[in-house]
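Okay, structure first, notes after.
Any read-out appearing in this document is the output of simple, stated calculations on the displayed coordinates, not a laboratory observation. The structure displayed is predicted, hence computed values, not measured ones. Cβ coordinates were reconstructed from backbone atoms using ideal geometry, including for glycine residues, and neighbour counts include every protein chain displayed.
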């Protein structure tokens with residue numbers, strides 16, 4: 001266990017940030033999963049709606065620093081491509 005006051009504070013801050021990042025990351029995965037499930041069900045309307053809901057969540061996750069900007073861009077690109085396969 002840490003003995004310095006600054007080290008104790010750092011541990012508390014890291015725990016708080018970890019909990020917040022875990023929540024944001026989990027929410028992101030759920031939105032991505034909804035898009036993929038709608039595509040698997042071949043439901044274009046639901047897939048487009050899920051994609052439109054997922055894109056802002058992906059961008060916000062990147063802006064918070066939970067995922068890298070390139071990862072966010074790649075996710076949006078791949079999901080859009082996937083939804084467009086439904087024609």
Just to confirm the number: angle between the C-alpha axis of helix 69-84 and the first principal axis of the chain, 0 to 90 degrees, nearest 10? 20 degrees
Along its principal axes, what span do the Cα atoms of the chain show, with the longest given first and each in whole Å? 61, 21, 16
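Using the reciprocal of the averaged 1/r over all distinct C-alpha pairs, how large is the Kirkwood radius of the stretch 14-64 in Å?
After inverting the mean inverse Cα-Cα distance, the result is 11.6 Å.
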According to the Kirkwood expression over distinct Cα-Cα pairs, how big is the hydrodynamic radius of the stretch 36-81, in Å? 10.9 Å
Round to the nearest 10 and give me the degree value, 0 to 90, for the angle of helix 5-40's Cα axis relative to the longest principal axis of the chain. 10 degrees
Could you work out the relative contact order of the stretch 5-84, using alpha carbon pairs under 8 angstrom and six or more residues apart, expressed as a whole percent? 29 percent
When the chain is modelled as a GNM with alpha-carbon springs shorter than 10 Å, which of 16, 60, 29 fluctuates the most? 16
By how many degrees, between 0 and 90 and to the nearest 10, does the Cα long axis of helix 44-63 differ from the longest principal axis of the chain? 20 degrees
Label points 7 Å out from Cα along the Cβ direction at residue 49 and residue 5: separation in nm? 5.5 nm
Pick from 67, 58, 11: which residue has the top mean-square fluctuation in a GNM of the chain where Cα pairs under 10 Å get a spring? 11
